Structures are given as C-alpha cells and as structure tokens.
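Taking it in order: structure first as structure tokens, then the write-up.
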Amino acid sequence: MLDSGLVLYGALLVLFLWRLLCPWRCCGQWLEYANYASLLFTLNMLLLLYAITVFLHTAFGSNSHETWAVFVPWMKPVMMATPVFSLCTFWACAIQTMSHVQKIREGYSPMKHDRAVQILALPAIFSTMTMSSLARLFEFQSSGMMASPAAVPSVTPLPSMMGIRSVMQHLSFNETLGGAGPEAEEFIIQSETCLRVAELYEAWALYQFAKLTLELISDNLARKERSGTQEQKLVARALIRAHGAVESLAWLGVASFLIVCVMQAGWSVIQLTSADTVDWESYEKSINYFEGAGMISSCAAIYNVHIVESSFDEHLEGFNPLMKFVTVKILVSFAFFQRGIFAGLQVMDSSLPGIMKGVVTRIPFIGDILNFSEIEFELFYVSLLIFECFFVCILHWWAWSADEEWYNEEEQSGRSRSPRKLAEGERQPLVPKPVEA
C-alpha cells in the first residue's frame, strides 16, 4: 500500500537538491521535462490519481452501501465532489505555473518567477495530500475495523475534534470496536503523515514569499539609492539599514516555522516506517509538542511577514502585496486554526442547556458537525480542506499573474545588486564625506 506522504517527503528533499544544482538548465541546455517544477507536478499528478483511485474503489466497492449508511445524507455528495475539486485545483495550478515557466525560459526575471512557481504549487500539493489523507481514512472507515452503528452507543465517547490520533486511541482503548491492530495503525499514520507533509510545503511557500518580498524591497531601495537625488539617496540609505534589521527579525519567525514543519513531517515519516512498534502515548505527546510549536511559529511567521509588508508597502508598488500575502497565509490559517474553531464550537455546544442544545442540533449542517464521531469529523475536515485549496487556487489567478509589471522592473532599471553589494551599501555613512580639494 503506497504511502503518499512518505513518497512526497522524500521527493521534496531530492527536488530541493535538484533545484540547487540545475533548476531550469543543465550545461546551458533548457530542461523541458527534467526541471524541478515539471518533476514536482508530474509526481503530484501520479499521487493524486492514485488517491482518487483508492477513494473511488472504496466509494463504489462491494460494501459501499454499508459504508455510506453510517454518514449523514449530505456527507456523500460532499465527499464524492472532492476528486473533481482536487483535479480542478491541480490543473489550474499547473496551467498558471506554465505561464511563469515560459517567462523563465525567455529570461525575464527568472528568480522572481522561480519563487512564484514554488508558491503557485501550494494549492495543488496541499490538495493532493489532503485527498490522500481522505482516501486512507475512508478506506479505514469502510474496511471493517470501525464499529458498526449498533456498537457505537456502548463506547465511551471522546471529543470528536481532537484529531486523527484520537481516532486511533479511541479504537485502541475500546474493545467494542474490534481492536486496532498494526494494519489500523498504518492507516492512521499514513493519513497523519499526508497532512504533516502538506503543512511542510505550506511553510516552504511562506518562506519563498518572504524571500520574494524582502528581495523586492531591497531592489527598490537600491535603485533609489543609485538614481535619485542626493536627498533621496540619503533617505534610501537609511531605509536600507532599517530594512536589514527588519529582515533579520522577519527570518526568525519564518525560518522557525519552516524548521518546525520539517521536523514534524520527518518525525511522522519515521513513525510510519516503524508503525508496528509505535507507542501511541509517546507518539501523541511528541506530535502535540510539534503542533504547539507549529502554532506559535506560524503565528510569528505570519505576523513578521505582515509587519514587513505593511511597513514597506510604499516600496512594493505594483506588487499588490496584500492580495498575495492573503493567498499564502490563508492556507496556514486553515491548517492551524480551523480545527480549533470547530473544537470551540463543540465546547460551547456541550455547555448549553438541554433545550438550547436541542435547538442547535436541529440547525442544518452545524448540528450534524457538532455531533460527528471522530472519524466522521476527520473525513469532513479533510474534505473541507480540499474545497479550500480550490478557493485559494482561484485567488492565485488574480494575485499571481505572470505579466505583472513588477517582474520586469529589474530589466527596466538595470540589474539589481547582489546581497553582498547591498550589505556594503548598508555600511556606507548617511552623510557623504567631503571631497578633498
């Protein structure tokens, strides 16, 4: 049984090295099909097709009637729509990416378009990983390892929005569900790993956006220092020094978020390779630590990038930083805060008086969601993420056009200086030395 999270995690490490060595050209020759973006999208397409195949095999399998019988009626059309939305997200991202790749091939601001390509791949990769997680959970739910509807009332309930690991613990601690053997553990860890790898690429996309924004600000200030009046040069020089300090602080949050996500995904992959010997109590504790660190570092990363974008907004003319920032950070918010919102609603529902609770239960959709079991909520949650990925993909078409003017500013005003040159400029005195007679 193929584990998509493990495959993509390994592929991302390989493609990271490949991008460093020869991202687009090798020995001067354009890599038509061997550039890192083509390889990434090809692998992503194969993993998506595999996940959809597993999902459809479960949805139309021999026991499909019993499988769907345990869900509320509206869950079936929601889940059956996920393959369509996943495919639409993939192809929309791929088509938009090709427009940027063509600009790179023509030599128009290759580094800027390169960073845009990595950001544009986020909805496709996130959607594929959530589709893989959905397929695994759905296969697990219908495989006979879950309880029959008649057995559920005899089980001590747990909060339904604690996450995938609570499903595993619930199965492990209640024999009425038939127990949870190594096969069940493998299903759960595979699903968990897919979500962790999706969050890893999400952190990488935010990292690339931060680099792109900071580079644009540096280039803009450097141009003003070179071509403006003496007064403008002094102001630009002062801003370069201030930008250097802000940049250092910004990297603290962004890099921390990326490191935490790399370690979290790596830890899930390690546990996957030793699923037969997993200690679920220690595994839950370690992942909880990672999730807590991820929550804090993601808030810091989003806040730091927002401060940079808002403080230097006038030096990002034509970049439309707000819309681009929203398209990058919105999936971070969905991944790290959305579950907490649902959990908060459940806590509020549990504290209501009996009459009010009955009223809430009768509210369409909301009442069903608040009363979902663990596995039902996880299936709903990953389905919701797939729809949200498509929404983000649509926003990308508005925010990341390959024909925006700011991509060509480098060619119009001269090649921008290297980071080392900018650093030398920062050390220049604010007041020029008088010329000796």
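A count restricted to segment 323-347 and to residues that are of a type in the set (A, V, I, L, M), farther than 21 Å from Val254 by Cα and touching a helix residue (DSSP H, G or I) at 6+ places or on another chain (Cβ under 9 Å) stands at 1.
Does Tyr283 count as surrounded by 13 or more Cβ atoms within 10 Å (Cβ to Cβ), of a type in the set (Phe, Trp, Tyr), at pLDDT below 85 and under 20 Å from the mean Cα position of the chain (by Cα)?
No: the conditions fail for Tyr283.
Inside segment 313-352, residues that are touching a Phe, Trp or Tyr at 6+ places or on another chain (Cβ under 9 Å) and of a type in the set (Ser, Thr, Tyr) make up a count of 1. Note on segment 54-66: residues that are surrounded by fewer than 17 Cβ atoms within 10 Å (Cβ to Cβ) and assigned to a helix (DSSP H, G or I) amount to 5. The set of residues in segment 300-325 that are in contact (Cβ under 8 Å) with a residue 40 or more places away in the chain, open to solvent by 50 Å² or more (accessible area, probe 1.4 Å) and on the phi < 0 side of the Ramachandran plot comprises Tyr303, Ile307, Ser311, Glu317, Met323. Restricting attention to segment 67-121, the residues being open to solvent by less than 40 Å² (accessible area, probe 1.4 Å) and hydrophobic (A, V, I, L, M, F, W, C) number 18. Only one of the listed residues (Leu47, Leu43, Leu39) is out of contact with any Cys (no Cβ under 7 Å at 6 or more places or on another chain), open to solvent by less than 30 Å² (accessible area, probe 1.4 Å) and either under 27 Å from Arg136 (Cα atoms) or among the β-branched types (Val, Ile, Thr) (or both). That residue is Leu47.
Yes or no, residue by residue, for (1) within 20 Å of the chain's Cα centre (by Cα); (2) free of Cβ contacts under 8 Å to residues at least 12 places away in the same chain; (3) part of a helix (DSSP H, G or I):
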{"position": "Leu13", "(1), (2), (3)": "yes, yes, yes"}
{"position": "Pro23", "(1), (2), (3)": "no, no, no"}
{"position": "Tyr33", "(1), (2), (3)": "no, yes, no"}
{"position": "Phe41", "(1), (2), (3)": "yes, no, yes"}
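Answer yes if at least one residue in segment 107-122 is in contact (Cβ under 8 Å) with a residue 12 or more places away in the chain, assigned to a loop (DSSP other than H, G, I, E, B) and more than 28 Å from His396 (Cβ to Cβ), and no otherwise. Among the residues of segment 107-122, not one is in contact (Cβ under 8 Å) with a residue 12 or more places away in the chain, assigned to a loop (DSSP other than H, G, I, E, B) and more than 28 Å from His396 (Cβ to Cβ), which makes the answer no.
Selection within segment 228-268: residues that are polar (S, T, N, Q) and open to solvent by less than 60 Å² (accessible area, probe 1.4 Å). The member of this set that is nearest to Asn304 (Cα to Cα) is Ser256.
The values are calculated or read from the model by the stated rules, or taken from the named source; none is laboratory data. It should be emphasised that the depicted structure is a prediction, and the values quoted were computed from it without experimental measurement. For neighbour counting, all protein chains shown are included, and Cβ atoms are generated from backbone atoms with ideal geometry for every residue, glycine included. Only protein heavy atoms, including side chains, enter the accessible area calculation; ligands, DNA and RNA are left aside. Shrake-Rupley method; radii C 1.70, N 1.55, O 1.52, S 1.80 Å.
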